[in-house]
Amino acid sequence: MNSGEAVARPQGEPGARRAISERSLIWMMALLMALNAFGIDSILPALDNLATTLGAEGNSRQFIVGAYLIAAGFGALVPGSFADRYGRRPVLFVGLGIYIALSIACSLATDFTTLLVLRAVQGFGAAAIIALPPAIIRDRVGGDKMARMMSLIFVIFLIVPAIAPTIGQGILKVAGNWRWIFAAMAAAGSVMAVWVYTRLPETLDEAQRQPIRIPAIVRNMAHSVTLRETIGYTLGSALVFGGLFGFINSSQQLIGEAFGAGEMFPLIFAMCAGAMAISNWSNSRIVERFGARRVSHAALFVFIAVACAQLWFASQPDESLWTFVPLMAANMALLGFIGANFGSIAMEPFKHIAGAASSAQSFLRLTTGAGLGALIGFMYDGTARPLAGALLITAVVSLVFVLFSERGELFGAPKPEDVEDGA
């Protein structure tokens, strides 16, 4: 299939909605997921300003990020089963509506506790825009082709965290107030809602719709996170991304305080996120040839090696920004060869319950990753040592989980697409 071919068609909806091309579908899913990245990363340059305004002390300012991520993890349990019953579109609109409304509410918060509660509610309700894009892609394709499409989605998705801190810093300088950053989140969510309404057909086939029965939902979700062939990949990706969330949580303090480069924070953050985007693009070019398993397993071993180097440099009394940034960017780049591939492998067996599977796996990934990220961030001690040590430990344990799923045999052969696009 070439990138211009239509891949999603209306499923019995009233009115005529044109089929969406593969290219447009990739962009749409990427930017939906990027709303969450924008909701997290654009506020990072304003954490000092926000903490001063609302009276947050010390590392507690990081909970603005952690509250959103942890709540989103629990919220991810909800949309999948409803999407398997009522379709992907209605549930997406509910998630987008909550994201928009709570962004406005956050902009009006008058104390830190209220803002934390609002951020948690926003993350919980907006979990649909995290959990459903993989299900929508799984409705159309499987195998290593899904890994290729998810890699392309992550290329676009990662443009947003690369530029979001710069946007947030720009809004802060122009408007002079962190509240306008939340207003920008609401505006971005509104634009996406209009695009989804006008261009995204329902991708769930009528024959695949699942009843809303609690025992069936629990059974489907439990199956999707307990199957040996996939659980290691779900937990493995949760652990390595926990390290990434730890960097996101502590990045503003780490770069601004430990290395004294606060003014360069948006640029440094963009370099790291950009490295991850480039690697996802590279993954999309090679994954169907070499297979998601071979690529991701090799990347995980290299990740462990780079994390060892990070820990060694972080343990030196005179670590500089110019050793920290290249190594951090390298490991973020390696995540580009791990994340989409691990996620696609974990979704392989679950086409018939893609919504429930995506929800359950997203729950495990986000709650585990966000919890680890919050812990790693809160352990910040003025150096990069806690982050470097956490990256190494999470990667090694991730490898153990993958070995469990693969029964000790790594670097498996490529897997073909297992579902046609359809007409």
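For the chain, the solvent-accessible area with a 1.4 angstrom probe is 37 square angstrom per residue. In plain terms, the C-alpha convex hull of region 295-423 casts an average shadow of 9.7 nm² when viewed from every direction. List the residues whose amide H sits under 5 Å from the amide H of Ile20, counting only those 5 or more places along or on another chain, with H placed 1.01 Å from N in the peptide plane. Distant-sequence amide H within range of Ile20: Val7, Ala8.
Val218 contributes an accessible area of around 90 Å² to the protein surface, as traced by a 1.4 Å probe with all chains present.
Helical runs assigned H by DSSP (4 residues or longer) give the chain a calculated mean residue ellipticity at 222 nm of -24500 deg cm²/dmol, each run adding -39500 (n - 2.57) before division by the residue total. Take Asp318: with every protein chain present and a 1.4 Å probe, its accessible area is about 120 Å². When peptides 69-82, 96-109 are sorted by average Cβ neighbour count within 10 Å, with the highest value leading, the order is 69-82, 96-109.
Pairwise Cα separations in region 21-135 fall into 5 Å bins from 0 onward with the following percentages, short to long: 2, 12, 21, 23, 16, 11, 7, 4, 2, 0. Spin-label pair Glu206-Asn49: with each label point 7 Å from Cα along the Cα-Cβ axis, the two points sit 5.3 nm from one another. Residue by residue, region 163-175 carries 3J(HN,Hα) couplings of 10, 4, x, 5, 4, x, 5, x, 4, 4, 6, 6, 8 Hz when phi is fed to the Karplus relation 6.51 cos²θ - 1.76 cosθ + 1.60 (θ = phi - 60°); x denotes Gly or Pro.
Pop out the carbon and sulfur fraction of the accessible area of the chain as a percent, whole number, probe 1.4 Å. In the chain, the share of accessible area belonging to carbon and sulfur is 66 percent. Normalising by residue count, the chain has a Cα convex hull of 123 Å³ per residue.
A prolate overall shape is assigned to region 244-346, the ratio a/c of its alpha-carbon gyration tensor axes (a ≥ b ≥ c) being 1.5 or greater and a/b exceeding b/c.
The values are calculated or read from the model by the stated rules, or taken from the named source; none is laboratory data. Nothing here was measured: the structure is a model prediction, and the numbers come from that model. Counting neighbours? That spans all protein chains shown, and the Cβs are built from the backbone with ideal geometry, glycine included. Quick note on the areas: whole protein, heavy atoms, side chains included, nothing else; ligands and nucleic acids left out. Shrake-Rupley method; radii C 1.70, N 1.55, O 1.52, S 1.80 Å.
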